[in-house]
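The values are calculated or read from the model by the stated rules, or taken from the named source; none is laboratory data. In this text the structure is predicted, and so the values were computed from the model without any measurement. Cβ atoms come from the backbone with ideal geometry, glycine included; neighbour counts cover every protein chain shown.
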């Protein structure tokens, strides 16, 4: 199964997985599943960190990859 995590689910997974419902937590933890975090979420975390609305001490992309997730790129066609 392929799963695309939104920003807050990634943040919870990174800091407090208990905030995520049991079935979704199990799906994310399942090694057979492909887990993606959008480049838009990476951008959102970076922007919120820059303006002081979010504390995220790690480098964002290495944090995503460290959980065996993949960064899903955004093209102009996606944005349109």
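Is it true that residue 15 is under 13 Å from the mean Cα position of the chain (by Cα) and surrounded by 16 or more Cβ atoms within 10 Å (Cβ to Cβ)? Judged against the criteria, residue 15 is not a match. The sole residue among 20, 51 that is farther than 16 Å from residue 73 by Cβ and either at pLDDT below 95 or out of contact with any helix residue (DSSP H, G or I) (no Cβ under 9 Å at 6 or more places or on another chain) (or both) is 51. Scanning region 69-80 for residues that are free of Cβ contacts under 8 Å to residues at least 40 places away in the same chain, in contact with a strand residue (DSSP E or B) (Cβ under 7 Å, 6 or more places away or on another chain) and assigned to a loop (DSSP other than H, G, I, E, B) yields a single hit, 74. Considering region 23-38, the residues that are touching a helix residue (DSSP H, G or I) at 6+ places or on another chain (Cβ under 7 Å) and within 27 Å of residue 78 (Cβ to Cβ) include one that is surrounded by the most Cβ atoms within 10 Å (Cβ to Cβ), namely 37.
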